[in-house]
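Undergrad: Mind having a look at this structure? Questions to follow.
The values are calculated or read from the model by the stated rules, or taken from the named source; none is laboratory data. Please read all numbers here as calculations on a predicted model, not as lab measurements. Cβ coordinates were reconstructed from backbone atoms using ideal geometry, including for glycine residues, and neighbour counts include every protein chain displayed.
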Amino acid sequence: MEYPNWFAQSAQYNFEPLLQRFAGQDGLHFLQLGAYTGDASVWMLENILTDPESRLTDVDTWQGSNELAHEEMDFDEVYKIYEDKTKKFISNLQIVRMSTFDWLINPVARIPSYDFIYVDADHTTVGVLLDAELSWPLLKSGGVMAFDDYTWGHHTGDPRLEPKVGIDLFLHRHTGEYEMLAVNDQVWIRKH
């Protein structure tokens, strides 16, 4: 089966200008919640996390979710594609195959702070809000957080199954704690 490159279709246009300031810096730590086939991972590792001490942590169940686009996907195959794409970066990559919630509530499993956090796992309102709230304290001052799928709609039309309400609630709860960098198909903020 052919799997879409959603990163190139709807995210890369933000990554290029908004992460450029980090390119090649020493000892960066990036966290990606939701990795799918690894297209964003490869792009970050090839273009930004080029220092040998920089690290990307990808957290994903690789089990899919209650989305129409996921119904025909074989997520064991999706994970194999991810592994094949990222294998040459394994020295700079931590792969965590579990729920973002379980990983984020376990302080032993993670490092204390990140320069960039990409929230793109559970697309439900509650899921995205939990991922954002649990990872926000891990983002360094001056660090960047990005939310994917801001304008995405669930096939049922139920707003509780969409990220936008959760993202908006997070932004409202943290008013004054960040600078808005972009609002389009995604939301990008820099933490004060």
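Undergrad: For segment 21-41, which positions are surrounded by fewer than 23 Cβ atoms within 10 Å (Cβ to Cβ), touching a residue at least 24 places away in the same chain (Cβ under 8 Å) and part of a helix (DSSP H, G or I)?
TA: PHE22, ASP39
Undergrad: Working carefully through the options THR61, THR100, find the one that is in contact with a Phe, Trp or Tyr (Cβ under 9 Å, 6 or more places away or on another chain), under 25 Å from VAL126 (Cα atoms) and modelled with pLDDT of 85 or more. Spell out how you get there, then give the answer.
TA: Values: THR100 fails: in contact with a Phe, Trp or Tyr (Cβ under 9 Å, 6 or more places away or on another chain).
Answer to the check: THR61.
Undergrad: Of the residues LYS88, LYS140, only one is free of Cβ contacts under 8 Å to residues at least 24 places away in the same chain and either buried (at least 18 other Cβ atoms within 10 Å of the Cβ) or of a type in the set (D, E, K, R) (or both); which?
TA: Values: LYS140 fails: free of Cβ contacts under 8 Å to residues at least 24 places away in the same chain.
Step by step, each of LYS88, LYS140 is checked, and only LYS88 is free of Cβ contacts under 8 Å to residues at least 24 places away in the same chain and either buried (at least 18 other Cβ atoms within 10 Å of the Cβ) or of a type in the set (D, E, K, R) (or both).
Undergrad: To continue, here is another question. Using beta carbons and a limit of 8 Å, which pairs, at least six apart or on different chains, have the first residue in segment 149-175 and closer than 21 Å to TRP136 by Cβ and the second one assigned to a loop (DSSP other than H, G, I, E, B) and of a type in the set (A, V, I, L, M, F, W, C)?
TA: Going by the 8 Å Cβ cut-off, the qualifying pairs are GLU162/TRP152; PRO163/TRP152; LYS164/TRP152.
Undergrad: Another question, then. In segment 42-60, what residues are assigned to a helix (DSSP H, G or I) and either touching a Cys at 6+ places or on another chain (Cβ under 8 Å) or acidic (Asp, Glu) (or both)?
TA: Of everything in segment 42-60, just one residue is assigned to a helix (DSSP H, G or I) and either touching a Cys at 6+ places or on another chain (Cβ under 8 Å) or acidic (Asp, Glu) (or both), namely GLU46.
Undergrad: May I ask you to list pairs of residues, at least six apart or on different chains, whose Cβ atoms are under 8 Å apart, with the first in segment 1-17 being at pLDDT 90 or above and the second being assigned to a loop (DSSP other than H, G, I, E, B) and surrounded by fewer than 13 Cβ atoms within 10 Å (Cβ to Cβ)?
TA: Once the first residue is at pLDDT 90 or above and sits in segment 1-17, its partners that are assigned to a loop (DSSP other than H, G, I, E, B) and surrounded by fewer than 13 Cβ atoms within 10 Å (Cβ to Cβ) give ASN14/ASN184.
Undergrad: From the list GLY142, GLY166, GLY153, pick out the single residue that is more than 16 Å from LEU31 (Cα to Cα) and more than 17 Å from the chain's Cα centre (by Cα). Break it down into steps so the answer makes sense when it comes.
TA: Values: GLY142 fails: more than 16 Å from LEU31 (Cα to Cα); GLY166 fails: more than 17 Å from the chain's Cα centre (by Cα).
Result of the check over GLY142, GLY166, GLY153: GLY153.
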